[in-house]
1. Could you tell me how many of the residues in the stretch 83-103 are in contact with a strand residue (DSSP E or B) (Cβ under 6 Å, 6 or more places away or on another chain) and either surrounded by 13 or more Cβ atoms within 10 Å (Cβ to Cβ) or modelled with pLDDT under 95 (or both)?
2. Considering only the stretch 48-79, state which residues are surrounded by 12 or more Cβ atoms within 10 Å (Cβ to Cβ), under 24 Å from Glu133 (Cβ atoms) and not β-branched (Val, Ile, Thr).
3. Can you find even one residue in the stretch 14-33 that is modelled with pLDDT under 95, surrounded by 12 or more Cβ atoms within 10 Å (Cβ to Cβ) and not in a strand (DSSP E or B)?
4. List the pairs whose first member sits in the stretch 125-154 and is over 19 Å from Thr86 (Cα atoms), whose second member is charged (D, E, K, R) and surrounded by fewer than 18 Cβ atoms within 10 Å (Cβ to Cβ), and whose Cβ atoms are under 7 Å apart, counting only residues at least 6 apart or on separate chains?
Amino acid sequence: MTMKRLKLLFCFITCGLLAGCNPPEMEIPKYPILTSIENTLWYSYNKYDNMYFDIMYEVETGSMTCYLDAERKEKVSVDNFTYTFTPAINQADAVVNVTFEDGRLYGGIVIPKGNVQVNYEHVYMIQLYEVDEEGNILYNANGEVKSSILMWKE
C-alpha cells in the first residue's frame, strides 16, 4: 500500500511540474505591409466548381484567368477588370475595389502576411465580396453573401 501511495504522490508531483511549465514563446515573423499590388500575381480556388484562378494586378487594370486544372493547362475564361488599392494606414487593413468588364463590383480587404497560411506558408490574402454601387455587400434570398473571391500570394 505504501508503494501505491508513493507512485500516486510521484504522479501528482510530475503533473504539477508539467502544469507549471510554460511553453516556449514562438516568435512571429514580421512581414512587410503591402504598399501596392501592381504587377503581382495572386491565386484562388473555387471548391464548388473545382476551378483554379490566376489573378494578375497590373497598373490599375488586371485579369482573372480561370482553369480546369491546378497545373493551369486547360483555360476556361479570362475576366478583365479595373481596380483601386488603398494601402493600410495605422494598422487598418488595405482596401481593394474591383470592377469587372461586365459591371460586377467587388470590394474587400488585404489580410497581412503572417495571419494566414496556405500549404504551410504564410501568405497575403485579399477577401473580396460582391457589392452594390455604395459598397454594401450583396446577399442572396437566403441571406448568404451573393459572391466572394478569396485570393492569396506568398
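The values are calculated or read from the model by the stated rules, or taken from the named source; none is laboratory data. This is a predicted model, so every value here is computed, not measured. Cβ coordinates were reconstructed from backbone atoms using ideal geometry, including for glycine residues, and neighbour counts include every protein chain displayed.
1. So the first thing to find is which residues in the stretch 83-103 are in contact with a strand residue (DSSP E or B) (Cβ under 6 Å, 6 or more places away or on another chain), and the list is 83-88, 93-101.
From the residues that got through so far, the ones that are either surrounded by 13 or more Cβ atoms within 10 Å (Cβ to Cβ) or modelled with pLDDT under 95 (or both) too are 83, 85-88, 93-100.
Residues meeting the conditions: 13.
2. Tyr57, Gly62, Ser63, Met64, Asp79
3. Step one: list which residues in the stretch 14-33 are modelled with pLDDT under 95, which gives 14-33.
Of the ones still in play, those that are also surrounded by 12 or more Cβ atoms within 10 Å (Cβ to Cβ) are 31, 33.
Cutting the leftovers down to not in a strand (DSSP E or B) gives us 31, 33.
Yes, the stretch 14-33 has at least one match.
4. Within 7 Å, the pairs are Leu138/Asp132; Leu138/Lys146; Tyr139/Lys146; Asn140/Lys146; Glu154/Glu121.
Here is a yes/no grid of residues against (1) under 18 Å from Asn39 (Cα atoms); (2) in contact with a Ser or Thr (Cβ under 8 Å, 6 or more places away or on another chain):
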residue: Cys66; (1), (2): no, yes
residue: Lys75; (1), (2): no, yes
residue: Glu101; (1), (2): no, no
residue: Val110; (1), (2): yes, no
residue: Val118; (1), (2): no, no
residue: Val123; (1), (2): yes, no
residue: Glu130; (1), (2): no, yes
residue: Leu138; (1), (2): no, yes
